[in-house]
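Here the structure is laid out as structure tokens; the discussion comes afterwards.
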Amino acid sequence: MARATTKTATKPAATTKTVTVTLKHLAAGLADKHDISKRAADEMLNEAVAMMVKALKKGERVKIAGLGILQVRKRAARMGRNPATGEAIKIKASKKVAFRALKELKEAI
């Protein structure tokens, strides 16, 4: 006699909501911790970001202690393919911002 098998509904994997921490969240945390206004903390963080962007535009590396290194890398021109048509296309040279995590960050995660 064959055993009847019943299919049980499998639950989809639980989806976890990803939380994005913004500069506003960081500024609020700094304001609470250092007893300064949220506006002052926000201005300081925005100025720090502006200074990092300015340094990256000059071609300098930005090292943030305990976090990582930001630097601009040059991408050479190369040949690619249009995925819709398969036609070969030339992709021009460009620059990109690269982030390399420091050992401390890797170990903390």
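Given the structure, is ASP42 charged (D, E, K, R) and open to solvent by less than 60 Å² (accessible area, probe 1.4 Å)? Before you say what the answer is, go through the steps one by one.
Numbers: charged (D, E, K, R): yes; open to solvent by less than 60 Å² (accessible area, probe 1.4 Å): yes.
When the stated conditions are applied, ASP42 passes them.
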(request) Scan (1) without any contact (Cβ under 8 Å) to a residue 24 or more places away in the chain; (2) assigned to a strand (DSSP E or B); (3) open to solvent by less than 60 Å² (accessible area, probe 1.4 Å) for the single condition LYS74 breaks and write down its number. (result) (3)
(request) Considering (1) more than 24 Å from the chain's Cα centre (by Cα); (2) surrounded by 10 or more Cβ atoms within 10 Å (Cβ to Cβ); (3) not in a helix (DSSP H, G or I), say which one VAL97 fails and leave the rest. (result) (1)
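Name every residue in segment 79-88 that is exposed (fewer than 10 other Cβ atoms within 10 Å of the Cβ) and either assigned to a strand (DSSP E or B) or of a type in the set (Val, Ile, Thr) (or both), in order of residue number. Quick ask: steps written out before the conclusion?
Kept after step one, since they are exposed (fewer than 10 other Cβ atoms within 10 Å of the Cβ), are these residues of segment 79-88: 79, 82-88.
Across segment 79-88, the qualifying residues are MET79, THR85, ALA88.
So which residues in segment 15-39 are assigned to a loop (DSSP other than H, G, I, E, B) and open to solvent by 70 Å² or more (accessible area, probe 1.4 Å)? Outline the logic, then answer.
Filtering segment 15-39 down to residues assigned to a loop (DSSP other than H, G, I, E, B) leaves 15-22, 35-37.
THR15, THR16, LYS17, THR18, VAL19, THR20, VAL21, ASP35 - these are the residues of segment 15-39 that are assigned to a loop (DSSP other than H, G, I, E, B) and open to solvent by 70 Å² or more (accessible area, probe 1.4 Å).
The values are calculated or read from the model by the stated rules, or taken from the named source; none is laboratory data. These numbers were taken from a predicted model, which means no experiment stands behind them. Note that we place each Cβ from the backbone using ideal geometry, even for glycine, and neighbour counts take in every protein chain shown. Ligands, DNA and RNA are stripped out before the accessible areas are found, and what is left, the full protein with its side chains, is counted by its heavy atoms. Shrake-Rupley method; radii C 1.70, N 1.55, O 1.52, S 1.80 Å.
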